[in-house]
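Notes for the one structure printed next.
The values are calculated or read from the model by the stated rules, or taken from the named source; none is laboratory data. Values in this document were obtained by computation on a predicted structure and should not be read as measured data. Don't worry about glycine lacking a Cβ; one is built from the backbone with ideal geometry, like all the others, and counts go over all protein chains shown.
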């Protein structure tokens with residue numbers, strides 16, 4: 001316990017925390033991200049209404065205006081949609097799905113990307129050439145196109161009655177596959193530098209296996225940039241998911257993410273019920289913007305040359 | 001066989017492929033390029049002795065060190081450790097445990113993310129010599145004390161130490177599997193002069209106490225003189241002169257050895273030193289005949305076409321036509 005307390009004290013005293021405390025943008029971004037995560041995680045507990053409970057819905061409540069409009073009321077602070085569902089509660093539950101899919105697909109992409117980058121960089125030669133050409137080819141397509149392709153192929157392969165149950169895994173897989181090359185290229189670059197360092201030679205002299213050298217010596221030394229890329233790509237992955245859901249190929253309607261909410265609300269934009277689509281859109285923009293600003297700050301804070 | 005040498009290196013060569021990538025080579029219609037970094041090098045080291053290899057940068061001495069510890073296999077020739085071939089030893093942890101290597105740059109040879117105690121204990125764990133946290137911890141403390149550090153230093157990271165202290169950590173790590181043979185690749189050339197002597201004395205002291213055998217690579221003749229029993233002078237991948245260190249230092253025969261020794265700063269020298277002339281030719285396209293002939297003051301027509309073999313002169317072997325023909329002035 002004392003060791004943990006000491007480590008915590010050392011962390012609080014580090015350059016990293018100091019640089020954070022001096023950056024208002026970083027503090028504000030972290031605050032927004034924290035609010036989003038809390039709202040998403042605690043949605044079933046703190047959301048004012050349950051949008052999934054059909055018994056609580058009343059069609060008489062449809063298209064209630066938000067507080068911003070003249071005749072808004074506190075029961076529905078951000079108004080209701082065409083079914084009488086509370087938009088604020090919808091956003092909280094939607095954020096849950098968006099964040100879950102974003103984080104899971106980035107974890108998947110980084111594990112795949114780091115593994116491929118390590119192997120390519122350490123093995124070199126033909127293995128490296130083949131893996132990196134695959135990454136290069138994939139990078140010439142927009143990520144969303146790759147995700148659409150993977151999504152389509154997997155859906156075609158699965159029986160139709162499983163789509164709803166497996167939809168979320170399919171979309172995590174699709175976005176993860178679309179986003180691995182950047183991780184792989186960065187890790188490969190760092191691995192190429194690290195593998196010729198003397199400490200790797202020293203490990204080879206005592207006869208350690210390639211796998212052990214990669215895992216225990218090289219991996220800890222190439223992980224720094226991965227954290228930065230993961231944060232920056234998280235925003236993109238959330239947008240990928242929102243785009244797919246907006247196009248209607250993402251998650252099933254029973255699991256509405258922010259993208260789904262924006263698509264549904266889009267139908268009423270010109271009939272005057274703007275709040276149904278604008279508020280989920282604002283929530284998405286705020287969340288992704290904050291994550292990206294946090295990633296930018298992280299990149300600068302971890303780069304010794306910019307200090 | 002108590003008299004058999006610990007390490008025998010027999011006519012070992014190593015060729016590197018330095019061609020450009022296949023596509024560029026085909027487009028530019030180039031041939032494959034190869035670099036003969038080590039060319040038929042032979043030597044033997046007795047148990048408990050130190051053999052030093054000296055030469056200018058790029059003469060292949062570090063490649064010899066890497067061949068000996070098995071970082072890459074020789075293109076031809078054989079390396080035997082106590083009579084057992086090392087090419088088979090790659091698969092033999094028992095043989096590998098008995099040798100280790102100390103690297104030139106103590107800033108690069110310690111993993112920056114590892115604590116010193118884990119760095120020092122890595123060979124213990126790799127060979128499964130000790131198990132249990134306490135046993136390994138005690139052994140690491142003992143090793144750190146042996147190289148003049150405190151056992152508590154094991155908790156720190158490498159960046160918390162100076163260059164000399166880091167090299168002490170490297171030595172502790174190299175000794176942890178209780179090897180009998182150490183390859184030292186320029187262990188002091190990255191250190192301050194004042195620290196170099198401390199590290200060298202530590203290495204000599206450890207050699208006497210533990211009965212270690214050293215293959216010592218250096219370009220610094222003063223350091224080599226302090227350390228060696230045997231000496232090999234390398235030029236462009238070949239050993240041009242080898243034998244007992246004292247004999248070579250007192251009566252150098254090969255013109256290249258003479259040139260190197262004449263370049264050592266010396267207090268009672270008043271002018272009149274031969275400067276080291278010329279540059280080392282490219283090992284990709286070595287000169288025909290004796291590789292040293294473009295820089296040699298004694299070169300004649302034979303040197304330009306015929307490659308010299310080894311001439312035994314006392315205990316010393318020299319590869320030079322001028323020595324063989326007696327054209328050198330004493």
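Filtering region B:85-101 to residues that are within 9 Å of chain A (Cβ to nearest Cβ) and either modelled with pLDDT of 85 or more or part of a helix (DSSP H, G or I) (or both) leaves B:93, B:96, B:97, B:99, B:100, B:101.
Just a yes or no: is a residue in region B:215-237 surrounded by 17 or more Cβ atoms within 10 Å (Cβ to Cβ), at pLDDT 90 or above and out of contact with any helix residue (DSSP H, G or I) (no Cβ under 9 Å at 6 or more places or on another chain)? Yes; the residues of region B:215-237 include at least one that is surrounded by 17 or more Cβ atoms within 10 Å (Cβ to Cβ), at pLDDT 90 or above and out of contact with any helix residue (DSSP H, G or I) (no Cβ under 9 Å at 6 or more places or on another chain).
In this structure, does residue A:46 turn out to be exposed (fewer than 13 other Cβ atoms within 10 Å of the Cβ) and touching a residue at least 40 places away in the same chain (Cβ under 8 Å)? Yes. Of all residues in region B:210-219, those satisfying the criterion of being within 24 Å of residue B:12 (Cα to Cα) and either outside any strand (DSSP E or B) or under 12 Å from the mean Cα position of the chain (by Cα) (or both) are B:212, B:214, B:215, B:216, B:217, B:218, B:219. Residues in region B:143-163 that are touching a residue at least 40 places away in the same chain (Cβ under 8 Å) and not in a loop (DSSP other than H, G, I, E, B) were compared, and the one that is surrounded by the most Cβ atoms within 10 Å (Cβ to Cβ) is B:158.
Scanning region B:1-43 for residues that are loosely packed, with under 14 Cβ neighbours inside 10 Å and part of a strand (DSSP E or B) gives B:11, B:17.
Quick one: would you say residue B:198 is farther than 21 Å from residue B:68 by Cα and either at pLDDT 90 or above or within 14 Å of another protein chain (Cβ to nearest Cβ) (or both)? Judged against the criteria, residue B:198 is a match.
When residue A:52 is tested against (1) closer than 25 Å to residue A:172 by Cβ; (2) assigned to a helix (DSSP H, G or I), exactly one condition is not met: (2).
Of all residues being assigned to a loop (DSSP other than H, G, I, E, B) and more than 11 Å from chain A (Cβ to nearest Cβ) in region B:56-79, which is nearest to residue B:100 (Cα to Cα)? Just the residue, please.
The initial filter retains those residues of region B:56-79 that are assigned to a loop (DSSP other than H, G, I, E, B), namely B:56-60, B:69-75.
The next check asks that each one be more than 11 Å from chain A (Cβ to nearest Cβ); those that pass are B:56-60, B:73-75.
On the way: B:56: 24, B:57: 23, B:58: 23, B:59: 22, B:60: 19, B:73: 16, B:74: 18, B:75: 22 Å.
It comes out as B:73.
Being under 17 Å from residue B:175 (Cβ atoms) and in a loop (DSSP other than H, G, I, E, B) is the filter; apply it to region B:112-139 and report the residue that is farthest from the other protein chains (Cβ to nearest Cβ).
Across region B:112-139, the extreme among qualifying residues is B:130.
Scanning region A:171-222 for residues that are facing chain B (nearest Cβ under 10 Å), surrounded by fewer than 20 Cβ atoms within 10 Å (Cβ to Cβ) and in contact (Cβ under 8 Å) with a residue 40 or more places away in the chain turns up just one, A:219. Screening B:142, B:82 for residues that are over 30 Å from residue B:194 (Cα atoms) and away from chain A (no Cβ under 14 Å) leaves exactly one candidate, B:82.
Residues of region A:115-139 that are assigned to a helix (DSSP H, G or I) and at positive phi: A:125 alone.
With B:109, B:170 as the choices, which residue is crowded, with 17+ Cβ neighbours inside 10 Å, facing chain A (nearest Cβ under 9 Å), outside any helix (DSSP H, G or I) and at pLDDT 90 or above? Every option except B:109 fails the conditions.
Results for (1) within 21 Å of the chain's Cα centre (by Cα); (2) part of a helix (DSSP H, G or I), shown as yes or no for each residue.
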residue	(1), (2)
A:16	no, yes
A:19	no, yes
A:37	yes, yes
A:64	no, no
A:72	no, no
A:95	yes, yes
A:99	yes, yes
